[in-house]
Number of protein chains: 2
Amino acid sequence: MSILVVGSVAFDTIKSQHGVAEKIIGGAATYFSLAASYFTDVRIVAVVGDDFTSVHENVLKSHHIDTSGLMRAPGKSFHWGGEYGENLNEAKTLFTHLNVFENFDPKVPPQYKNTEFLFLANIDPVLQAKVRRQLNGVRLVGGDTMNFWINGKRDDLMETLKLVDVLLINDTEAKMLARDSSLPRAADKVLTFGPKALVIKHGEYGATVFFRDGAFGLGHHPFRAPALPIAEVIDPTGAGDSFAGGFMGYIASQGEVTREVLKRAMFYGGVMGSFAVERFGPERLQSLQRDEIDERFRVFRELTHLS
Amino acid sequence: MSILVVGSVAFDTIKSQHGVAEKIIGGAATYFSLAASYFTDVRIVAVVGDDFTSVHENVLKSHHIDTSGLMRAPGKSFHWGGEYGENLNEAKTLFTHLNVFENFDPKVPPQYKNTEFLFLANIDPVLQAKVRRQLNGVRLVGGDTMNFWINGKRDDLMETLKLVDVLLINDTEAKMLARDSSLPRAADKVLTFGPKALVIKHGEYGATVFFRDGAFGLGHHPFRAPALPIAEVIDPTGAGDSFAGGFMGYIASQGEVTREVLKRAMFYGGVMGSFAVERFGPERLQSLQRDEIDERFRVFRELTHLS
């Protein structure tokens, strides 16, 4: 089944101890859709400027990503610049040129209306809700957000959360959203805001999914998927979006959305996140083979499997 | 089989948002031996002062911990005072009165010489080595250390590490010891210092064991055990020592030391650490039933188990 993602398609300029990458293709929707493309058909709703050429669009198209929802506006594409120091978990933003993204008004093309799986990448919660409301037949909605919206547009975000089935955020965001410093307690609180499942990403320590009691199956026990210990992280940009792409892509590829499917999806999310950080930008995600993904899934499973 | 632990038996005064506990029994060897006592016979080598009464000693004895190696010296027992703020991962030390511990010269009683499993809790690496050399027939040596020794007695510590089979430390200590900011790379380096296996404890994110290639079995894949998400951590004091007690205690209870035994031991370590933090001091470790331990082991396993 196909999945639709709405979010940013952008350019990134990234500096780290491993080098510099100038104006390479990036954005949450790019990482998400490349990662998801290994599992299912992907459709994208985003806006780009004049500087986004057919060469750039072909990065997506060559992965059979449907770009008919990629709107073009006069001006330049969203361009973000960031630098990573010793601590690869946190980027220092050098510049944020929103450009055409500033007036992004996402529209779902008519041929996308039958979409069954939807991912609302990290954009203004008002726009997330607007997209969600354009899709009536959707079976599962995943969503992301960040501190900027949690603090700056809390009321709007709370409305959007009522429309999201699975929220994917990190530890800091979960605690901030719940206003609680205990992670499990924060998770319980967030699950009263709307989502039936909450995926909290712990960076190099993996991710935990918390379920609302009875959602997607019996019980309420959380489930934790590990992250692969990676000796040399080259560029952590897009790791979270790649996790979401693997997670949602795998779910969309399955016939039913059960708790067991969500658990396996946690592993595929971790797998895609671990590939993303091995090269600058989405480079590694562009050149994967499906058997490499399955092999790493096996390694991840071994990492926590007791016989 | 029995396990011998050498380390501190002390008093702790602990402040946290959940209250204050004045001069309660503590120390690494106390937490370790209580946790290990649920799995195997435990022997202890430590020093206490006049203020350590038979009431205190009975906390250990009532768990069938052999205290014939508990030396008594004139003066007061080691007494540590600490305070936990919002961040429960780090204690602010209020005072450290070494007292009789300052001149601790550990001696292994003759009846302990046949000990097959040994744990060198966090004390001066010179003393750790001295104890290790008093035990010739030992099958497996576990050890702990901390930043104080890594920075202050590095050369002595490096000598001691040659005598340790399994080292248990946390993320920060591993990076400091290896002088490398990448955890997997730090792990590889530490494994060249002597230990055949390295357990890195990640606090609320669980723990990972890294193996020297071929040690305890084939391959070199690491293994990660989760930590239980605990809503209300009352007192994190002793969590690491309780992990070590569950880990080493389970290993000593098994006939052979295989990689599969070490993996299961990682889960038992996490289980005992999770119990330790539920009450002030070692209170929870004093009142456990074996079936509670097995039930939590099952929950831990569920937490990462894909069917």
Where a ≥ b ≥ c are the square roots of the eigenvalues of the C-alpha gyration tensor, would you call chain A rounded, which needs a/c under 1.5, or, failing that, prolate if a/b is larger than b/c, or oblate? rounded
To the nearest 10 Å², what's B:Met158's accessible area with a 1.4 Å probe? 50 Å²
In whole Hz, the Karplus estimates of ³J(HN,Hα) for the range A:191-198 (6.51, -1.76, 1.60; θ = phi - 60°; x where Gly or Pro) are 5, 8, 8, x, x, 8, 9, 10
GNM on chain A, C-alpha springs below 10 Å: top fluctuator among A:Asp50, A:Asp66, A:Asp235? A:Asp50
Probe 1.4 Å, protein heavy atoms only: B and A together bury a total accessible area in Å², to the nearest 100, of 3100 Å²
Among the DSSP beta bridges whose two residues both lie in the range A:84-210, what percent are antiparallel, rounded to the nearest 5? 30 percent
Can you tell me the dipole magnitude for the range A:225-307 around its Cα centre, using point charges on the Cβ only (Lys, Arg +1; Asp, Glu -1), in Debye to the nearest 20? 260 debye
Among B:Asn136, B:Leu191, B:Gly214 the positive-end extreme of the charge dipole of the protein assembly as shown (Cβ point charges): B:Gly214
Would you please classify the overall shape of the range B:138-267 from the alpha carbon gyration tensor, given that a ≥ b ≥ c denote the square roots of the eigenvalues, rounded means a/c under 1.5, and beyond that prolate means a/b larger than b/c while oblate covers the rest? rounded
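Quote the FRET efficiency, to the nearest 0.05, computed for B:Asn136 versus B:Arg72 with a Förster distance R0 of 22 Å and r equal to the Cβ-Cβ distance. Spell out each step's value before the answer.
On the way: r = 27 Å, r/R0 = 1.23.
With a Förster radius of 22 Å, E is 0.20.
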Of all accessible surface on the protein assembly as shown at a 1.4 Å probe, what whole percent is carbon and sulfur? 50 percent
With the full set of protein chains present, the residues of the range A:290-307 whose 1.4 Å probe accessible area falls by 50 Å² or more relative to the chain alone are A:Leu303, A:Thr304, A:Leu306, A:Ser307
Simple spin-label estimate for A:His221/A:Leu94, 7 Å along Cα→Cβ, in nm, reads 4.8 nm
Dipole size in debye (nearest 20) for the range B:150-234 around its Cα centre, Lys and Arg Cβ +1, Asp and Glu Cβ -1? 200 debye
Anisotropy class of the range A:37-183 from Cα gyration tensor, a/c 1.5 cut: oblate
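From other protein chains only, count the Cβ atoms within 10 Å of every residue's Cβ in B:222-233, then give the mean.
6
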Amide H contacts under 5 Å for B:Gly69, restricted to residues at least 5 apart in sequence or on another chain and with H modeled in the peptide plane, are B:Ile44
Using a simple charge model, +1 on the beta-carbon of Lys and Arg, -1 on the beta-carbon of Asp and Glu, nothing else, what dipole does the range B:42-190 show about its Cα centre, in debye to the nearest 20? 520 debye
For n ≥ 4 DSSP H runs only, could you compute -39500 (n - 2.57) per run for chain B, divide by its residues and tell me the 222 nm figure to the nearest 500? -10500 deg cm²/dmol
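The values are calculated or read from the model by the stated rules, or taken from the named source; none is laboratory data. Note that the structure is a prediction, hence the values are computed from the model and not measured. All Cβ positions, glycine included, derive from the backbone under ideal geometry; neighbour counts span all protein chains shown. Heads up: the accessible areas ignore ligands, DNA and RNA and are worked out on the full protein's heavy atoms, side chains in. Shrake-Rupley method; radii C 1.70, N 1.55, O 1.52, S 1.80 Å.
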